[in-house]
Amino acid sequence: MRIIFMGTPEFAVPSLDILVSNGYQVVAVVTAQDSYGGRGGKQLIESSVKKYAISKNIPVLQPAKLKDRDFVQTLASYKADVQIVVAFRMLPEVVWNMPPLGTFNLHGSLLPKYRGAAPINHAIIQGETKTGVTSFKLKHEIDTGDIVLQEALAITDDDTAETLHDKMMVLGAEVILRTVQMLESGSIHFQPQVDGEATAAPKIFHHTCRIDFHQPVKKVYNFIRGLSPYPAAWAIIDGSEMKVLKASYEFSSDQHQPGDIISESKKQLKVRCLDGYISIEQIKPAGKRLMHISDFLNGTKISMMHIG
């Protein structure tokens, strides 16, 4: 079986590796173009998938546009039986409809729940205690194709977007391998999605990451961990934007108002919510390093004791 693999970030590497390690013929990899970053934006950065492919002598394609005629012709020349997509961008029909067995995608939720660009973040933000990964066959509408396999995964109360991402990365690779094995053996079965059960996981923007402390404390806690470490929840504290990377919570029925700041002995900073307190444990002021809250308080005098 000839496979084209499409993916870019670290999340996709275990899925590619498990196919290669199990002897499947990955004839080419499609990934994002190199970009400049690092200190001063002068370092040329290759994707994690590209680095892995090069280490295994797998040809790498990095098209600027997926509808480009030369790219489409080159892709077709590999005569792949199937395409596997893990953490890549939206494909045009001329690409996803090319291989005879179809194109299959790995999604970080139990579809049809959390269709969209940020399923891991939104599952935590919504307080879910269970999520999972799904392999499905691509079709026109994004994340709507027929399901092949699903594996559930528990979300613990201290999971963040980062820890859940890492668990899904491993579980997803296993699901991709089983999906390809089923394709190879002809034992694959498809389960249509029930659109009426769908929920959305849209792309997250900076302005949507601002913390609203006028909500139940558990909801605020879920919001913070669902955005940690990236893109990170933030609040305006003492006139400056601060990213909150780690927090804990406690329920309380005292007389403080939502947004009130309680700073105790330079070691603790708590913010009142509707029914309790968020205790900020790790914070990143704009333009500064990530620091523990005690280090931040040692070097900062907070004059405003309320967050609007």
Practice prompt. Could you list the trypsin sites (Lys or Arg not before Pro) in segment 210-308 that lie in coil according to DSSP, counting only those with at most 13 other Cβ atoms within 10 Å of their Cβ?
Written response: Lys267, Lys288, Arg289, Lys301
Practice prompt. When a/c is below 1.5 the answer is rounded, else prolate if a/b is larger than b/c, else oblate, so apply that to the chain with a ≥ b ≥ c taken from the square roots of the Cα gyration tensor eigenvalues.
Written response: prolate
Response to the item:
Going through Lys79/Lys130; Lys167/Lys219; Lys65/Lys246; Lys139/Lys284; Lys218/Lys266 one by one, the pairs whose alpha carbons sit over 31 Å apart turn out to be Lys79/Lys130; Lys65/Lys246; Lys139/Lys284
Discussion item. I'd like the FRET efficiency for Ala286 and Gln215, computed as 1/(1 + (r/R0)^6) with the beta carbon distance as r and R0 of 25 Å, rounded to 0.05.
Written reply: 0.60
Fill in: Cα-centred dipole magnitude for segment 2-197, charges only on beta-carbon of K, R (+1) and D, E (-1), debye, nearest 20
740
Worksheet entry | Qualifying aspartates and glutamates (Cα of each under 16 Å from Cα of Lys243; at least 8 residues distant if same chain) | Glu162, Asp212, Glu281, Asp295
Worksheet item: What are the ³J(HN,Hα) values, in whole Hz, obtained from phi via the Karplus relation 6.51 cos²θ - 1.76 cosθ + 1.60 with θ = phi - 60°, for each residue of segment 227-242 in sequence order, with x given for Gly and Pro?
Response: 10, 9, x, 9, x, 5, 6, 9, 9, 8, 10, 6, x, 10, 6, 10
Worksheet entry | Packing-based ranking, highest mean first, of 43-51, 59-67, 107-115 given that Cβ atoms within 10 Å are counted | 107-115, 43-51, 59-67
Practice prompt. Convert each backbone phi in segment 77-91 into a coupling constant with the Karplus relation 6.51 cos²θ - 1.76 cosθ + 1.60 (shift: θ = phi - 60°), then list the ³J(HN,Hα) values in order as whole Hz, x for Gly and Pro.
Written response: 5, 7, 6, 5, 7, 8, 10, 10, 10, 9, 6, 10, 8, 5, 9
Worksheet entry | DSSP-loop GluC sites (Glu not before Pro) across segment 138-225, with at most 12 other Cβ within 10 angstrom | Glu141
Worksheet item: Loop-only check: which chymotrypsin sites (Phe, Trp or Tyr not before Pro) in segment 164-271 are DSSP coil with at most 16 other Cβ within 10 angstrom?
Response: Phe190, Phe205
Worksheet item: Shape call for segment 136-263 from the C-alpha gyration tensor, a ≥ b ≥ c root eigenvalues: rounded (a/c under 1.5), prolate (a/b greater than b/c) or oblate?
Response: prolate
Practice prompt. Please give the FRET efficiency for Asp157 paired with Ser265, using the beta carbon to beta carbon distance and R0 = 22 Å, rounded to the nearest 0.05.
Written response: 0.25
Worksheet item: Amide H to amide H under 5 Å from Ile155: which residues, 5+ apart in sequence or cross-chain, H placed 1.01 Å off N in plane?
Response: Lys130, Thr131
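A short reminder: the numbers here are calculations on the coordinates, not readings from a lab. Remember, predicted model here, so these are calculated numbers, not experimental data. Cβ atoms come from the backbone with ideal geometry, glycine included; neighbour counts cover every protein chain shown.
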